[in-house]
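Notes follow the structure.
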Ligand code: IVH
């Protein structure tokens, strides 16, 4: 696993910069000089981004031949893609007062801290996040969050927003300011009145209006929309802004950014909750939407130590305001069939406004939920079932899909009958089966089910998978039912061009929405994806439980397609291949079963084989073998003095090690601090190497 830039030692950073310079130079040579690219654009961008991030953290290590100083591609027109130098993360949520105390406890335990600990508390603005990049004090780029790694380039649009300074004085050479673009209630009302006058569709809420206004291809339209911006965080920096979160906010304010006036410093959970109540009381009169309060550890050195989980920082939490509720009538229950065959009931409602948003659909989860039971059989809603015709209470919290919370039995029509959940797939008629222990009923039609087929293809072409330009959900729906050029399975995508060439009549270029150029472009985009890294291929297959993280683990373990294919074909509970598969940290029996079942299923296997025959699957570097502890099983015992257990564990895992709780024959190394007891004895008995904390730090290059 790649180490987070924040965790690199200077020596590691120097070595990696050298390696990156060589790899980027080789990629440039392949692309520009030999016209034979060896890596994808995304991989190239990732190398450049990583290089820039390391240079930002260690400015003194920047090489004379730094790839950052070489001219990259010109910025794309309109919404080009921007790879964020530092990922844009989201926040963990807290809903109850107790969650705030738990958060404080977790932070303290992680840091092993008992003394004073301050947090900032500020409103959580309900808009959309934006990252503004300033170089030498000039705004050079603005990007939306996108998927956190890659956002849209909306520089021209951001330049029209009054709250966003175009130049800064006294700013670090490189400064990425992050914050929220939003629209005030007053401006929102005026905008909607104007929309209505012109016969255009009104926006559902200020947040949608802000998003729709910022993401206009014509920046002149954005300029006419009254957008505002609050700064609350930062990305890449060439030098620190301050030693604390509150200090950094003050500096941003001095540079000319709007920071939220309701930000205060709190000395612990009691003060945080008090400020939450203050903000909640002012919510209705603030003039803009907020959906909670964000608490952040104030000391930036502590933030750095706390670091991140996969997509959220450990040093912050969003304390959300309670959900908003409304009553309406349930008009119908529809069943949607997903990629893995899950039958999901959807409530069709008489439209109702819930917290400013018009809601006409809500999730009903599964058949038990409708019947008034939880998945584990316990009674919910006092056992009240949900029937078509009922008055139901809808609630929504933030961005999540609205849910049905309650039923009003007093208003139930006499004609309302208990809902009978279908036992066959409404799309293909195959039996819908509910496995023991599964809350969900699933269509057994597999590849013959058109709903599953379409959803799988949509997943196949999605961002983390094959990401084929010009082939999105809309085009998949069109091709799926196309009489001349049907795309029913992933392999069909790669035969599209040849089939089109062989078809004398309805060529793609002669169809609605296509011309000579766009047809050619689509075929070229497909062609470009024949070369695909193993992890993306695994994820793209859409096998249940095999998400992006699992795909990465499998790819790094098996390295290449033939090894993976052989393993998944052979693996069966009890044999060696199964043992190897389930020994991968992060691969449990559920995933292993799902994978081996997919490979054992004749139709599925034929589809996979046909696809792979069309591809050039790129091997992936096997798990981080460059780290001295990669693949090793470690145990920590006794007291650690330089870091807490949790920190030590996170570090070790980032270096590819597995951390176990007890010593066994599988243990490779025991790190023993003062006070080590039975574990050290057991290790000695088993002849396992034992080192102390300093030796451990030296081993991982952190001494
Ligand atoms: S801090 C590393 N502070 O909430 C975390 N986020 O649910 C950086 N948001 O993606 C975010 N107000 O778009 C932070 N005062 C605030 C915020 C805030 C709104 C948004 C932001 C973030 C989302 C997470």
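The values are calculated or read from the model by the stated rules, or taken from the named source; none is laboratory data. For clarity, every value in this text was computed on a predicted model and none was experimentally measured. A quick note on method: Cβ atoms are made from the backbone with ideal geometry, for glycine too, and the neighbour counts reach across all protein chains shown.
Within the stretch 229-250, count every residue that is surrounded by 20 or more Cβ atoms within 10 Å (Cβ to Cβ) and more than 29 Å from the chain's Cα centre (by Cα).
Summing the residues that are surrounded by 20 or more Cβ atoms within 10 Å (Cβ to Cβ) and more than 29 Å from the chain's Cα centre (by Cα) in the stretch 229-250 gives 0.
Assigned to a loop (DSSP other than H, G, I, E, B), away from the ligand (no atom under 16 Å from the Cβ) and either closer than 30 Å to residue 457 by Cβ or modelled with pLDDT of 90 or more (or both): which single residue out of 339, 348, 329 fits that description?
The unique qualifying residue is 339.
Are any residues in the stretch 200-220 at pLDDT 85 or above, out of contact with any helix residue (DSSP H, G or I) (no Cβ under 6 Å at 6 or more places or on another chain) and not in a helix (DSSP H, G or I), and if so, which ones?
215
Which residue pairs have Cβ atoms closer than 6 Å, lie 6 or more positions apart in sequence or on different chains, and pair a first residue in the stretch 105-129 that is over 29 Å from residue 149 (Cα atoms) with a second residue that is within 16 Å of the ligand (Cβ to nearest atom) and assigned to a strand (DSSP E or B)?
These pairs meet every condition: 118/265.
Search the stretch 83-103 for residues being in a helix (DSSP H, G or I) and crowded, with 18+ Cβ neighbours inside 10 Å, and hand back the single one that is nearest to the ligand (Cβ to nearest atom).
Result: 103.
Please specify each residue of the stretch 254-270 satisfying the condition of being touching a residue at least 12 places away in the same chain (Cβ under 8 Å) and part of a helix (DSSP H, G or I).
Matches in the stretch 254-270: 254, 269.
So, residue 474, is that one at pLDDT 95 or above and either out of contact with any helix residue (DSSP H, G or I) (no Cβ under 6 Å at 6 or more places or on another chain) or assigned to a helix (DSSP H, G or I) (or both) or not?
The answer is no for residue 474.
Are any of the residues in the stretch 389-399 within 16 Å of the ligand (Cβ to nearest atom) and free of Cβ contacts under 8 Å to residues at least 40 places away in the same chain?
Yes: the stretch 389-399 contains one or more residues that are within 16 Å of the ligand (Cβ to nearest atom) and free of Cβ contacts under 8 Å to residues at least 40 places away in the same chain.
For the structure I just gave you, tell me whether residue 286 is more than 12 Å from the ligand (Cβ to nearest atom), surrounded by fewer than 21 Cβ atoms within 10 Å (Cβ to Cβ) and at pLDDT 95 or above.
no
Somewhere in the stretch 496-511, is a residue in contact (Cβ under 8 Å) with a residue 24 or more places away in the chain and assigned to a loop (DSSP other than H, G, I, E, B)?
No: the stretch 496-511 contains no residue that is in contact (Cβ under 8 Å) with a residue 24 or more places away in the chain and assigned to a loop (DSSP other than H, G, I, E, B).
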